[in-house]
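Okay, structure first, notes after.
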Amino acid sequence: MTGETKKEPIFLRFRALWAAAAVFVLLLSIAAFIYRDDLFASFMDPGEPFQTYKPPAAPNYDSVGAWISLPGDETRPSQDRGDADIFVVTPTTYWGGSDWVAPQDNAAVKARTERIIAPNYVSPYKLGGRVFAPKYRHASLYSFMTNRDDAREAQDFAYSDVARAFDFFLMRNPPERPIVLMGHGQGGLHVQRLLAEYFQGDRKARLAAAYIIDHPTPIALFDGPLSQTPPCETDIQTGCVVSFGAYTPNQTVAAQRFVSGTLAFAGDRLFRVGDKPILCINPLLWAQSEDYAPARLHAGAVAAEGLSPNDFPAPISKQFGARCEDGVLAIDKPKSRSFRRRAQFGGRFKTAPFNLFYEDLRLNIIARTEALIMTGTIIPRLAPALDDLEEVDILDSPVTPTDNRR
């Protein structure tokens with residue numbers, strides 16, 4: 001019929017709708033990928049001001065259950081290898097969502113602590129001494145992704161647990177034992193404050209070293225609250241600070257956030273690092289140097305996820321070279337896929353299930369501890385136990401009876 005419009009077959013209309021839907025989903029996926037960090041942060045927002053927030057119950061550090069690692073109550077701990085007492089402040093395991101700080105009874109926090117934190121960030125240091133690693137109500141990952149004052153309050157609150165645990169540690173730390181501080185991620189932030197509050201007096205003489213890993217340490221702190229604990233310049237210098245944050249070539253956004261978007265302590269006050277120069281000690285050279293350290297110097301990384309805390313896996317060495325560039329430790333792409341971050345929602349901010357410098361750190365703790373003890377002037381030598389003394393037979397008593405009569 002002339003002038004009559006021919007109807008489009010229904011299957012063609014459905015195909016057009018499916019095509020439009022596919023384009024919409026594709027565009028949505030691209031937008032989600034581009035803004036994935038913002039999306040992740042929005043999901044993790046507790047949605048309540050910290051001032052009205054009721055935190056979970058505090059750990060009781062007199063209880064073994066409040067510790068990831070707590071040595072036995074030895075009255076005479078071994079000093080066979082120049083062992084130190086090592087206080088480890090662990091990284092973040094709670095992302096956020098309902099709390100500002102980590103609830104200790106949270107199933108996901110417990111699982112991550114046992115599966116990732118203990119084998120990768122606590123156990124390796126047991127080969128260098130007695131390890132004290134407290135559980136604490138650490139600030140959520142979300143608190144490191146926002147500029148809100150609530151985030152500062154959450155991080156300050158987390159430190160109060162760390163300080164209480166450290167006071168307990170000091171009661172168990174005899175004067176003949178050197179002290180090592182080790183902080184990964186958020187733990188590095190709290191180690192900065194421990195240094196400022198506990199090691200700017202006489203106690204600094206017993207500090208083998210402090211390690212601040214994957215948290216920025218502004219160089220300006222060494223002219224202020226950290227003035228008596230300078231950056232380490234050699235592999236056996238003692239009483240000094242090692243600090244670095246390692247990033248691969250594909251982590252430029254995360255590296256930039258590390259340099260400019262993170263908080264640090266200045267005394268008891270938190271401030272944003274901004275464009276302030278930050279310390280980078282290359283753990284393959286153990287010095288502030290922008291020289292490239294080749295992979296042959298890398299002592300070993302470990303991906304120990306899921307292992308028992310008493311298992312010590314063989315480190316895999318020569319995985320990457322490293323160079324300090326503008327405060328960031330730029331490392332080559334690891335040869336093994338086990339040491340590369342997983343592509344997952346919020347994955348670039350979550351604690352990695354591996355320790356890239358597992359063996360480098362362990363060996364360096366032992367070297368600095370031995371160097372401190374070998375000075376022979378700072379750390380008192382432990383007197384031999386009575387059980388170790390030779391028995392001596394007394395053949396004749398040198399005591400002469402006296403006449404007490406007056």
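The values are calculated or read from the model by the stated rules, or taken from the named source; none is laboratory data. Not measured: the values here are computed from a predicted model. Don't worry about glycine lacking a Cβ; one is built from the backbone with ideal geometry, like all the others, and counts go over all protein chains shown.
Quick look at the numbers
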{"quantity": "Residue match in region 238-255 (condition: at pLDDT 95 or above and assigned to a loop (DSSP other than H, G, I, E, B))", "calculated": "yes"}
{"quantity": "Region 75-90 - residue that is in a loop (DSSP other than H, G, I, E, B) and at pLDDT 60 or above and, of those, surrounded by the fewest Cβ atoms within 10 Å (Cβ to Cβ)", "calculated": "D83"}
{"quantity": "Matching residues in region 185-228 - criterion: being of a type in the set (S, T, Y), surrounded by fewer than 24 Cβ atoms within 10 Å (Cβ to Cβ) and within 19 Å of the chain's Cα centre (by Cα)", "calculated": "Y198"}
{"quantity": "P174 being touching a residue at least 24 places away in the same chain (Cβ under 8 Å) and surrounded by fewer than 24 Cβ atoms within 10 Å (Cβ to Cβ)", "calculated": "yes"}
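Okay, residues lined up against (1) buried (at least 20 other Cβ atoms within 10 Å of the Cβ); (2) in a helix (DSSP H, G or I); (3) more than 17 Å from the chain's Cα centre (by Cα); (4) of a type outside the set (S, T, N, Q):
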| residue | (1), (2), (3), (4) |
| --- | --- |
| P103 | no, no, yes, yes |
| P119 | yes, yes, no, yes |
| A151 | yes, yes, yes, yes |
| D156 | no, yes, no, yes |
